[in-house]
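S.K.: Take this structure first; my questions come after.
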Amino acid sequence: VQVVSGLSSPAALAFLPDGRILVCQETGQLRVIKNGSLLSTPAITLSVNASGERGLIGIAVDPNFTANHYIYLYYTNTSGPHNRVSRFTMTGDVAGAETALLDLPTLSAIYHNGGGLSFGNDGKLYVSVGDNKVGDNARNLDSYMGKLLRINTDGTVPSGNPFSGGAARSRVWAYGLRNPFTNAIDPVSGKIFINDVGESTWEEINDATTSGRNFGWPDQEGNCSSNCTGLTNPVYRYSTNRDGTPPDGQ
């Protein structure tokens, strides 16, 4: 069923408690769908670098939105450029009062930005960051790239994260990821799933409910076949050839 038309390069969406839908357009506009209609004026228009997979690409709504009216956006800031996670306050259908929570490193490649934002049942914000087309970033715990991060709603490090010893390392929840464009958290079980875009063979859905897991990139894609110590296989994988052939054993 078509809800609305007229969107340009939509990359992510989230529902507000009252039923409004906020839609990220890669080019920097946060659009509002209200009572079945796309409002002509964006909630906010950010200045973004939208080359390749960059731009306004992630959104989450605060679990206490009804009280605090906070939303969170993941976008490519033009300075650097670099990806940033910021908090905004909604006033009616307008978003403003930006508070930058996390500024990620300067980008080189225009691909593998990640962008997924989700709130866990623990009230923490989970942030998916791509490897920026440098596979070694994914295995390096001192790099934000190629990771699932877990942060407080003010950007600080929460207790219970698996690693310590540096700004990036202390925010890492899981690693070994290529381009985790989205993530999702089951509101009943609390299970944390990461959707990781594959390269030449397999797309992956990874279970990151247990902290500290290494999902293998760049050493493996899909299920590990050798030298698997310390690596976690996906809970589901499917072939990147998209020819309709089910992958073996899936």
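The values are calculated or read from the model by the stated rules, or taken from the named source; none is laboratory data. Computed from a predicted structure; not experimentally measured. Positions of Cβ are generated from backbone atoms using ideal geometry, with glycine treated the same way; all protein chains shown enter the neighbour counts. Remember, those area values only see protein heavy atoms, side chains included, never the ligands or the DNA or RNA. Shrake-Rupley method; radii C 1.70, N 1.55, O 1.52, S 1.80 Å.
S.K.: For the chain, list the cysteines whose Cβ sits under 4.7 Å from no other cysteine Cβ?
M.R.: Within the chain, the cysteines lacking a partner Cβ under 4.7 Å are Cys24.
S.K.: At 1.4 Å probe size, what's the solvent-accessible area of Thr91? Round to the nearest 10 Å².
M.R.: Looks like 100 Å² after rounding.
S.K.: Restricting to Cα pairs below 8 Å that are 6+ residues apart, what does the relative contact order work out to for the chain? Please round to a whole percent.
M.R.: 10
S.K.: Another question, if that's okay. Can you tell me which lysines have their Cα less than 16 Å from the Cα of Lys133? Leave out same-chain residues fewer than eight positions away.
M.R.: Lys147
S.K.: With the contact rule set at Cα under 8 Å and sequence spacing of 6 or more, what percent relative contact order holds for the range 100-182?
M.R.: 33
S.K.: With n ≥ 4 as the cut-off for DSSP H runs, can you work out [θ] at 222 nm for the chain, using -39500 (n - 2.57) per run divided by the number of residues, rounded to the nearest 500?
M.R.: -500 deg cm²/dmol
S.K.: Another question, if that's okay. Got a number for the accessible area of Glu98? Probe 1.4 Å, square angstrom, nearest 10.
M.R.: Roll a 1.4 Å probe over it and Glu98 shows about 80 Å².
S.K.: Next question. Using a cut-off of 12 Å between beta-carbons, work out the net charge of the residues near Leu16 (Lys and Arg +1, Asp and Glu -1, Leu16 not included).
M.R.: -1
S.K.: At a threshold of 8 angstrom on Cα-Cα distance, excluding pairs fewer than six apart, so keeping six or more, what relative contact order does the range 150-196 reach in percent?
M.R.: Relative CO of the range 150-196 lands at 24 percent.
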